[in-house]
């Protein structure tokens, strides 16, 4: 594709960097993914569906950079007119939940997980990412339940 | 946006100019202005696949499921409308109903293998996404 369409701006500046970044992520190379998507930065809001922003958010998550990841996922949620019908608009809620969990903000993480699970309440139950989300949410609930009495005690 | 406005001024009977301008407004989340442009097209009795798609996206962004269903019924009564089928498949995928999305995209007469890959890749089933991508390269 790169060789066949060297002058196709959308391909060269949107799809190819995004595909390459997704491949880098699949190989657990988050730094490379972020670097590859750098080419998108000047016009990331000019691209439909904001898929590069979603992939970059995933890369930041893999790097353990919850704050920057949260910023990317929030950007997706804040621009429904660009994201439109793309599934990325829903998955961004899960990304946000994971980003908050990474930062240790369990309240916001729980809310974002709930948003995602509500949006996918009628989803096919065997989707891998849905199963992961449910497990993560259950763990979060469990850890919160364990710490709640301490919070209760502190507030008295 | 300016170019879309100018194109519409120059050719007010071209339905694509309304679709393009409403698309600009939709991208900026300026739903009322997008709706006004689409109403202008309707007042002129203009219709096209792109206009139908824009109306569907507008209804989605407004959370107007009744209008989405009405538009889907309109589309179903017409000969193959590829963009619209794609929208419906994306809508199913958005709600996590991947099986339904897959069925819509593999209906007889409708081939969009790259759509399948696009939908399935973020779902975490990399094996399936890879198979679909290979099929897309072969077809296209």
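Values quoted throughout were computed directly from the atomic coordinates according to the rules given, and no laboratory measurement underlies them. This one's a predicted model, so the numbers in the text were calculated from it and none came from an experiment. As a convention, Cβ positions derive from the backbone with ideal geometry for all residues, glycine included, and neighbour counts pool all protein chains shown.
Per residue, what volume in Å³ does the convex hull of the Cα atoms of chain A enclose? Before the final figure, lay out each step's value.
On the way: hull volume 21.0 nm³, N = 156.
Expressed per residue, the convex hull around the Cα atoms of chain A is 135 Å³.
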Original post:
Could you put B:123, A:5, A:116 in order, starting from the residue whose Cβ has the fewest other Cβ atoms within 10 Å?
Top reply: A:5, B:123, A:116
**OP:** Find the relative contact order for chain B and round it to a whole percent, using C-alpha pairs within less than 8 Å whose residues are 6+ positions apart.
**Re:** 13 percent
**OP:** Can you check how the C-alpha radius of gyration of the protein assembly as shown compares to 2.2 N^0.38 Å, as a plain ratio?
**Re:** 1.09
Original post:
Can you work out D for chain B in µm² s⁻¹ from Stokes-Einstein, where Rh is the Kirkwood radius over C-alpha pairs, the temperature is 37 °C and the viscosity is 0.692 mPa s?
Top reply: 201 µm²/s
Original post:
What FRET efficiency do you get for residue A:139 and residue B:77 if R0 is 51 Å and r is their Cβ-Cβ distance, rounded to the nearest 0.05?
Top reply: 0.55
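Calculated from DSSP H runs of 4 or more alone, at -39500 (n - 2.57) each and per residue, what is the 222 nm mean residue ellipticity of chain B, nearest 500?
Values: 9 runs with 104 residues, N = 140.
Result for chain B, helices only: -23000 deg cm²/dmol.
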